[in-house]
Amino acid sequence: MPTILELYQKTFKADFQLYQQAQSLFPDGVTHDLRYDNPHPVYIERATKSRKWTASGYELIDFWSGHGSLLLGHNPPNIIRAIEKQLQLGTHYGACHHLELEWASRIIDLVPSAERIRFTSSGTEATQMALRLARLFTKKSKVVKFAGHYHGWHDGLIQSYAPPYDRPIAGIPPNTAATTIVCPPNDLEALAHMFASDEKIAAVILEPTGGSFGAIPTDGNFLHQLRKLTTKYGVLIIFDEVITGFRVAPGGAQAYYQVKPDLTTLAKIMAGGLPGGAVTGRAEIIDLISKEKSQRMPHQGTFNANPVSASAGIEMLKVAGTGKPQEKANQTAAQLRKELNKVIDLHNLDWAFYGEFSAIRFLLGHGGQQSAATFNPYELDYRELKGASNPELVINFRAGMRLNGVDLMPSGGMTTAVHSHSDVEQTIGALDKTIRQMKVDGVIS
């Protein structure tokens, strides 16, 4: 009987042929670190709702959800109609347009901290802008980030985004790296010491539900205490809501937890599945971009507020503003986590699925004695969570899940409003079949 990995290579033969071509074009044969896969990635030809189809013709339930940019699933009709209409009118005017006004107004209406806004082309650009604005406003040079939190790949914040957390990032000058201070996640005592001992700290930035959308979770109590601490020391808070914005709730994590940051970075769902980002927050900070300021932050960007992205974003926010898609996605994820953990406990494995809101995170081979049903990530050190799964288990597990029609990200995934009961049932069955095959293969016992 062939192993999971042998069957994977046989089943996804057309995908492997494309991967062979890609290796001569791209580093590692991929265009995004998370898409690097072992034995090889799949190549998607089309997608609709919660499903997508590979080059080999294989149908998959999709839990990548566009790296978190899809809340209504693939190709929602209202967004497709808006995009098609705008394509006929123009893709780039090189000018201001009325759609950017409506897009901005809808964001400001939904996000509690939003007073003014400036568009970018991505989440990475948005966090770059937020850092520079914070430094300009406070006239201080340093920023604090938490280990395991991801804020884009630029020099200012890529440090300590994944294990090993103390590894320097190649290509960043030491003087630049020294302006970023890394704090253990959820450690208010360590953070208070940093604030008290260094007067050059301009801001602290974090993902408000924790690193990588809760792979290293953070709760509301921490956020409220953080707000008090930053107020005491005159340090700005930047919420990186690139993933959580409009996903956790219509107004993002800040609306759900009722904590107002000074600046907020946005992308993904904000643009309805197309490229687009933004920085929003206190008017006195955002207005430092204005040409009327003697000390200002210059800002250009070819695709800022692109009309096609704006058309998609407007339609997305009309629906997201109701709160209904978030409620459905969150309920589905909670049900899925619960049922998947039942399967794990049935097989008596030291695995667990965890997460909050629409997040699905897995940890394979944690070595603990607790059941999957009672697993509590807050009881583990952050170094035992993100990136801590046994690599061999992850390779076989994800390959097995794909063979059984489920596509998971390297550490889990996200649900959308269109993931159905049948998707949940198939995913539960896929987990059981995958575990059984891994036992046959001798990968687990």
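The values are calculated or read from the model by the stated rules, or taken from the named source; none is laboratory data. Since the model is a prediction, treat every value here as computed from it, not as a measurement. Here the Cβ positions follow ideal geometry from the backbone for every residue, glycine too, while neighbour counts run over all protein chains shown.
Descriptive notes on the structure:
- Among the residues making up region 394-442, those that are part of a loop (DSSP other than H, G, I, E, B) and touching a residue at least 60 places away in the same chain (Cβ under 8 Å) are 405, 408, 410, 411, 415, 416, 417, 418, 419, 420, 441.
- Residue satisfying all of: in region 175-218; outside any helix (DSSP H, G or I) and of a type in the set (Ser, Thr, Tyr); nearest to residue 139 (Cα to Cα) among these: 179
- Only listed residue being in a strand (DSSP E or B) and aromatic (Phe, Trp, Tyr), chosen from 362, 375: 362
- The condition (being among the polar types (S, T, N, Q) and over 26 Å from residue 353 (Cα atoms)) is satisfied by just one residue among 302, 332: 302.
- Of everything in region 1-50 that is touching an Asp or Glu at 6+ places or on another chain (Cβ under 6 Å) and without any contact (Cβ under 8 Å) to a residue 60 or more places away in the chain, the residue that is farthest from residue 422 (Cα to Cα) is 36.
- Hey, residue 288 of a type in the set (A, V, I, L, M, F, W, C), out of contact with any Gly (no Cβ under 8 Å at 6 or more places or on another chain) and touching a residue at least 60 places away in the same chain (Cβ under 8 Å) or not: yes
- Residue pairs meeting the criteria (Cβ under 7 Å; at least 6 apart or on separate chains; first within 9 Å of residue 146 (Cβ to Cβ), in region 181-199; second crowded, with 18+ Cβ neighbours inside 10 Å and among the charged types (D, E, K, R)): 182/145
- Single residue of 55, 22 found to be on the phi < 0 side of the Ramachandran plot, in contact with a Phe, Trp or Tyr (Cβ under 6 Å, 6 or more places away or on another chain) and in the same structural domain as residue 430 (by TED's automatic domain parsing): 55
- When residue 102 is tested against (1) assigned to a strand (DSSP E or B); (2) in contact (Cβ under 8 Å) with a residue 60 or more places away in the chain, just one condition goes unmet, and that condition is (1).
- Hits in region 256-281 (condition: out of contact with any Leu (no Cβ under 7 Å at 6 or more places or on another chain) and either over 29 Å from residue 81 (Cα atoms) or not assigned by TED's automatic domain parsing to the domain that holds residue 110 (or both)): 256, 258, 260, 261, 264
- Annotation: residue 258 fulfils all but one of (1) over 18 Å from residue 115 (Cβ atoms); (2) surrounded by fewer than 20 Cβ atoms within 10 Å (Cβ to Cβ); (3) in contact with a His (Cβ under 9 Å, 6 or more places away or on another chain); the unmet one is (1).
- Selected residue (criterion: nearest to the chain's Cα centre (by Cα)) from residues of region 113-170 that are crowded, with 17+ Cβ neighbours inside 10 Å and at positive phi: 152
- Looking only at region 394-417, residues that are surrounded by 21 or more Cβ atoms within 10 Å (Cβ to Cβ) and of a type in the set (Val, Ile, Thr) come to 3 in all.
- Which numbered condition residue 328 fails, given (1) modelled with pLDDT under 95; (2) within 27 Å of residue 70 (Cα to Cα): (1)
- Residue check, residue 334 more than 19 Å from residue 387 (Cβ to Cβ), surrounded by fewer than 20 Cβ atoms within 10 Å (Cβ to Cβ), touching a helix residue (DSSP H, G or I) at 6+ places or on another chain (Cβ under 6 Å) and aliphatic (A, V, I, L, M): no
- Inspection of region 384-392 identifies at least one residue that is over 24 Å from residue 54 (Cβ atoms), of a type outside the set (S, T, N, Q), not in a loop (DSSP other than H, G, I, E, B) and not assigned by TED's automatic domain parsing to the domain that holds residue 269.
- For the residues 171, 156, the requirement of being in the same structural domain as residue 244 (by TED's automatic domain parsing), assigned to a loop (DSSP other than H, G, I, E, B) and closer than 27 Å to residue 309 by Cα singles out 156.
- Matching residues, region 15-50, being out of contact with any helix residue (DSSP H, G or I) (no Cβ under 9 Å at 6 or more places or on another chain), assigned to a loop (DSSP other than H, G, I, E, B) and surrounded by 12 or more Cβ atoms within 10 Å (Cβ to Cβ): 26
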